[in-house]
Amino acid sequence: MTRSLLPHVFRFAPSPNGYLHLGHAYSALINARMAEVAGGTLLLRIEDIDAARCRPEFEQAIYEDLRWLGLAWEEPVRRQSEHFDAYAGALACLDAQGLVYPCFCSRSDVGSVLAERPDWPRDPDGSPLYRGTCKHLSVVERKARLAAGQPAALRLDMDAALAKLGESPAGWLGWREYGRGMGGCETKAEPALWGDVVLARKDISASYHIAVVVDDALQGVTHVVRGEDLLMATGLHRLLQVLLDLPAPCYHHHALLRDAAGRKLSKSLRAKSLRSLRQEGMTLEAVSAQFDFAQDDLVFVP
């Protein structure tokens, strides 16, 4: 449901593929505080498109953890797994513009380029850029492989997308960035750094990138507040927004909480969960005391 009548709409969007940790708590509290300052609304979105990793018990724990943090959000909660039709519609729109193509390569196929060229360029997440093997398949061969049931991912044709962008009235592509002390500076988008990025995996019919821009638009999100590890992804998101004729939110990429080794807190590195901290007797006041909100300007109301 579009919420465009609300002046300031923020959202916290965790994935239920593990328990929330202090980094999640920091991001959730920043969103809530900014929404309060703005007199706006806080939404909760469950990003659960990866059915193999997401579990109901983790989703339930998210609600419990956020309530323990004293947060409230508007109902109903949007669960991405219930909206694959919306993402399919966006992908169909890109397909109609000739901006996507099926890719039959495996992950090992994509990564094999590093054995030949260790200096091969990588995307901002560290993965090798796709060298376009399937991009050059004929239409006949693509159709034959699909008809034979060969699994295929769906990739954005970045060259075609950038050419399309050049034909649009959008002109300079960027966004207003309020994080890292930038105070609303116009930041140039660099989507080409991602190459022919996957927009739908073989096993999941939508990627994070396509789902997040569709969700933000449908929910009327005006202020995206998230970790600075997603800063570079914003360039890709802005490109997709223009190609799909979607509105552009303002962005604030906040500092990340890090461990003693300087690594960002993450589920994959087994950062201690809020659930565990509560069981050890840590209070909400003690959790909040660990956060330096001064490093992020909470008055974010452009």
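What list of whole percents do you get for P(r) of the range 1-128, with Cα-Cα distances grouped in 10 Å bins up to the one holding the largest distance?
10, 28, 29, 23, 9, 1
Please find the FRET efficiency linking residue 57 to residue 93, where r is the Cβ-Cβ separation and R0 is fixed at 45 Å, and quote it to the nearest 0.05.
Efficiency computed from Cβ-Cβ geometry: 0.80.
Return the lysines within reach of residue 135: Cα separation strictly under 20 angstrom, same-chain partners fewer than 8 residues apart disregarded; answer none if there are no such residues.
Of all the lysines, those that pass the test against residue 135 - Cα under 20 Å, at least 8 places apart if same chain - are 143, 164, 202.
Going by amide H atoms built from the backbone, whose H comes under 5 Å of the H on residue 178, apart from near neighbours?
Counting only residues 5 or more places away or on other chains, the set is 184, 251, 252, 253.
Taking a cut-off of 20 Å between Cα atoms, list the aspartates and glutamates near residue 267, but don't count ones fewer than 8 places away on the same chain.
Straight-line reach from residue 267, under 20 Å: 47, 48, 50, 57, 59, 64, 65, 125, 228, 229, 259, 280.
Compute the Rg/Rh shape ratio of the range 71-220: radius of gyration over Kirkwood radius, all on alpha-carbon atoms.
1.00
Quick note: the coordinates plus some simple rules give every number you see, no bench work behind them. Bear in mind that the values here come from a model prediction, so they are computed numbers and not experimental data. Please note: Cβ atoms are built from the backbone with ideal geometry, for glycine as well, and neighbour counts cover all protein chains shown.
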